[in-house]
Amino acid sequence: YVKDRGRAHFRFFREEMNHSFPNEALMESHLRRAIEMDELYIHYQPQVNLKTGQINSFEALLRWDNKTFGFVPPSQFIPIAEESGLILQLGDWVLEKVCHQLQEWQQKGYHHMRIAVNISPKQFKQETFSFYVESLLAQYQVSPEALEVEITESAMTNMRETLTVLNSLKKIGVVISIDDFGTGYSSLSYLKRYPIDIIKIDQSFIRGIETDEKNAAIAKTIIQLAQNLGMEVIAEGVEKLLQVDILKEANCHKAQGYYFSQPVSMNEVIARYFA
Ligand code: C2E
Ligand code: MG
Ligand code: MG
Ligand code: MG
């Protein structure tokens with residue numbers, strides 16, 4: 001801060017950041033109470049099968065609407081939750097909500113519908129993680145193939161530990177996907193060791209795919225790689241028809257992005273896709 005400009009600076013800050021927290025400590029204390037204050041909810045983004053146009057899977061994305069400061073995007077609160085350890089509670093909450101939702105769908109006969117849940121590295125590294133998943137599936141009587149866990153490469157810091165958790169999850173029967181593929185620092189050799197079902201191409205490689213030759217080359221290579229390994233592949237952040245065309249041409253299985261739909265409420269999902 002420049003001292004004599006402090007006042008003006010402060011006002012500017014307040015107006016610009018109207019609906020946002022003045023500091024991280026305050027955000028953390030509000031986030032700590034978010035569940036009991038009923039401020040959290042989940043939006044669902046459809047994943048479109050590029051061959052058939054069908055939708056039978058959705059990604060669950062956490063949303064936080066704070067009573068005082070308004071809507072806070074995950075890019076702001078997930079890192080705070082991660083640092084403070086609150087992500088463990090939030091992550092458990094999301095998993096339970098999703099299992100409850102899946103139970104409702106399965107009871108209505110929608111057995112082929114799947115929901116993918118983002119799992120934070122801290123959550124994944126908990127010794128109890130796979131037991132928690134297993135107990136939720138039992139509690140809500142949900143078949144394991146209906147649940148997908150999205151893990152990032154950043155969660156895979158220890159090979160033995162990762163292998164143990166992933167093998168337990170595989171044994172339970174849940175679907176395992178790698179989120180933001182290609183943005184971590186991990187070696188590709190994990191692809192042959194771990195029981196991975198799905199690779200999600202990070203949106204940074206999809207952006208500009210229609211004009212950027214390098215991104216197009218990377219995206220197509222990841223699609224090939226997944227196919228050669230017998231894995232399914234999903235493109236994230238698809239915003240344009242031209243991108244859809246390129247991905248179809250490359251035989252990418254599924255796509256997710258604003259071109260098809262933003263993440264929406266469960267009511268909207270049901271109205272649109274379960275009609
Ligand atoms: P992610 O798992 O890679 O999720 C995809 C993000 O891309 C979502 O942002 C989604 O809204 C956004 N997106 C989807 N289609 C498009 C598109 O066409 N263009 C662009 N520009 N963006 C698109 P969101 O919901 O803000 O979430 C951001 C990140 O926060 C997620 O990235 C994930 O890492 C994290 N996150 C969200 N919910 C949870 C959760 O329940 N648990 C954990 N641990 N992390 C979560
Ligand atoms: Mg994700
Ligand atoms: Mg992603
Ligand atoms: Mg992510």
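The values are calculated or read from the model by the stated rules, or taken from the named source; none is laboratory data. Nothing here was measured: the structure is a model prediction, and the numbers come from that model. Reconstructed Cβ throughout: ideal geometry from the backbone, glycine too, with neighbour counts over all protein chains shown. Calculation scope for accessible area: heavy atoms of the full protein, side chains included, ligands and nucleic acids excluded. Shrake-Rupley method; radii C 1.70, N 1.55, O 1.52, S 1.80 Å.
Just a few scattered comments:
- For region 180-223, the fraction of C-alpha pairs more than 12 angstrom apart is 63%.
- The chymotrypsin sites (Phe, Trp or Tyr not before Pro) of region 27-114 that DSSP puts in a loop, and whose beta carbon has at most 16 other beta carbons within 10 Å, are TYR110.
- Zero-based 10 Å bins, Cα pair distances in the chain, whole percents: 6, 26, 33, 24, 8, 3, 0
- Here region 90-174 is treated with +1 on each Lys and Arg Cβ and -1 on each Asp and Glu Cβ, and its dipole about the Cα centre works out to around 80 debye.
- Carbon/sulfur fraction of accessible area - the chain, other protein chains in place, 1.4 Å, %: 51
- Within straight-line cross-link reach of LYS170, aspartates and glutamates at Cα separation under 12 Å, skipping those fewer than 8 residues along the same chain: GLU134, GLU145, GLU148, ASP197
- Across the protein chains, with a 1.4 Å probe defining accessible surface, the residues GLU24, GLU268 rank GLU24, GLU268 from largest area downward.
- 21 Å Cα-Cα threshold exceeded, pairs from LYS200/LYS240; LYS220/LYS254; LYS171/LYS220; LYS171/LYS192: LYS171/LYS220
- Mean accessible surface per residue for region 56-188, computed with a 1.4 Å probe while every protein chain stays in place, in Å²: 45
- Computed on protein heavy atoms with a 1.4 Å probe, the accessible areas place ASP38, ASP212 in the order ASP38, ASP212, largest first.
- Taking the charge dipole of the chain about its Cα centre, with +1 at Lys and Arg Cβ atoms and -1 at Asp and Glu Cβ atoms, the residue from THR128, ILE176, LEU247 reaching farthest to the positive side is LEU247.
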